[in-house]
Structures are given as structure tokens and as C-alpha cells.
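Heads up: the structure comes next, in C-alpha cells.
The values are calculated or read from the model by the stated rules, or taken from the named source; none is laboratory data. This structure is a prediction, so every number in the text was calculated from the model and none was measured. Cβ coordinates were reconstructed from backbone atoms using ideal geometry, including for glycine residues, and neighbour counts include every protein chain displayed. Remember, those area values only see protein heavy atoms, side chains included, never the ligands or the DNA or RNA. Shrake-Rupley method; radii C 1.70, N 1.55, O 1.52, S 1.80 Å.
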Amino acid sequence: MTTTPLQRTNGKHSAATAPGENRAAHAIAAMLSPSILASAVLLIAGTVDSGWWGFWWAAATAVVLLGLPMAVLIALSRRGVVDSRYVRRREHRFPVYGGVCVLIVAVLAAQLLLGPALGIPMSVTLTAMFLLLGVTTLMVITLAWKVSAHTAMAATFAVAVPVLAGGWLVFLTWMVPVAVAWSRLRTGDHTYWQTVVGIWMGVLIGGFYGLMWNWWI
């Protein structure tokens, strides 16, 4: 009789799940990654506020703020500098978050300076500000503890999208953090409390984003 393989999770061993479940969990984590969900929020915000003009500005912002860092992480993971594009090791996350924060600050400065002349929708800049808030919060927490960025962004998505596009969507958007939390636990990348804290963090940021959206946009 063969034994069940073991996976390591934060220094502790836990029984691995069935191969089919692992494949599904990895697929969910990839399809609902923080960069994809953040891009979706940006695109929805820009479109709701300014139609196609807002959509294209949101798309350009997403390519720079989310696509570029992910491309760099994929390249670094292939060279063995980081363990994967999701940077599972906590000690590797702080410099990654720091670099993304610098990039977001640079883009925000450019948008605030050139926005009126170029017609950049404020909705896009506001959403980028909250991306900065989320990454900064993750970076601070990472100094002492590993929290799930996947569930944090998933919960932000679940709260923000109904504010942007209609409250009825809450019944659909909350399937996202539930699925993401399951996937992070099944793959062994996070513990129960790391996913729960990530969800609560996302709820708070998403709620604050909704308040600012209704007040500012």
C-alpha cells in the first residue's frame, strides 16, 4: 500500500490532496490570480465611469502595473531567483511588494500630473491608488507574517465589483473568494488563518474603495 505524498506548508506537513483536486486548485489560483482580478476591477471601473475611453486607459494601466510585474516574476522564477510567480516564500515577498509599490507610485504621479491634459479618467487613478493601498498593506504584514494575497484581492473584487456595476452581482462575486480560499488551502500554499485574514483585509479595502468611489466619482 502506497502512502500519501506530503506537502510542506509553512514548515508543517499536511497530507496532499488527490491529483484531480490539486489540478483544479492550481487552475483556480491561476485563473483568479491577484493580477487578473485587479485588472478586472480596473477595466470595470474605467468602463463604468468613461465607457471605451476609460476601458482603454484602464487596460494600459493594467498592463504597466500588473502585467509588467507578473512578466518579471515569471522570468525570475524560471531563473530560480524566486520559487514561483506567486512567490511562496515570505522572505522573497517583501522586495517584490516594495518594487510594485515604487512602480505604482510612479504611475500615479504621472497620471495625477498628466491626467487633466490627457483626459485620464479619475476612476482609473482612484483604482490604482487602492492597488497601492493593498500592496502596501500586504508588504507591512509580510514583515512579520505570511498572508494570502490571492484571497485578499479576491475579497476586494467581491466587494468592489457590486459597487461599480450593480449590487445584485454580490451573489456572483462572492463565489470568487470562496473558490480562491479553497484553492490556496488545497495546494498547501496557505493555512486556514492566512486565507481568512486575507479575506478580511480584502473586505476592508474593498469597502473603503466603495466609499471613496461613491464620494469621488
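Please specify each residue of segment 138-175 satisfying the condition of being part of a helix (DSSP H, G or I) and surrounded by fewer than 17 Cβ atoms within 10 Å (Cβ to Cβ). Across segment 138-175, the qualifying residues are VAL140, ALA165, GLY167, TRP168, LEU169, VAL170, PHE171, LEU172, MET175.
For (1) more than 19 Å from TRP200 (Cα to Cα); (2) in contact with a Gly (Cβ under 6 Å, 6 or more places away or on another chain); (3) touching a residue at least 40 places away in the same chain (Cβ under 8 Å); (4) not charged (D, E, K, R), each residue gets a yes or a no:
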| site | (1), (2), (3), (4) |
| --- | --- |
| VAL107 | yes, no, yes, yes |
| PRO121 | yes, yes, yes, yes |
| THR136 | no, no, no, yes |
| ALA149 | no, no, yes, yes |
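Checked against (1) under 18 Å from the mean Cα position of the chain (by Cα); (2) more than 21 Å from HIS150 (Cβ to Cβ), ILE120 passes all but a single condition, namely (1). Residues in segment 87-110 that are under 26 Å from VAL124 (Cβ atoms), surrounded by 12 or more Cβ atoms within 10 Å (Cβ to Cβ) and not small (Gly, Ala, Ser): VAL96, TYR97, VAL100, CYS101, LEU103, ILE104, VAL105, VAL107, LEU108. Filtered by the rule that a residue be over 15 Å from the mean Cα position of the chain (by Cα), closer than 26 Å to ALA128 by Cβ and modelled with pLDDT of 95 or more, segment 191-217 gives GLY207, PHE208, GLY210, LEU211, MET212, TRP213. Just one of the listed residues (GLY51, GLY80, GLY46) is modelled with pLDDT of 95 or more and more than 17 Å from MET129 (Cβ to Cβ), and it is GLY51. Among the residues of segment 176-217, those identified as open to solvent by less than 30 Å² (accessible area, probe 1.4 Å), of a type in the set (Ser, Thr, Tyr) and farther than 9 Å from THR151 by Cα are SER183, THR187, TYR209. Scanning segment 65-97 for residues being touching a residue at least 24 places away in the same chain (Cβ under 8 Å) and of a type in the set (Lys, Arg) gives a total of 3. Please work out which residue is modelled with the highest pLDDT, limiting yourself to segment 1-30 and to residues that are open to solvent by 50 Å² or more (accessible area, probe 1.4 Å) and in contact with a helix residue (DSSP H, G or I) (Cβ under 9 Å, 6 or more places away or on another chain). Here the residue is HIS26.
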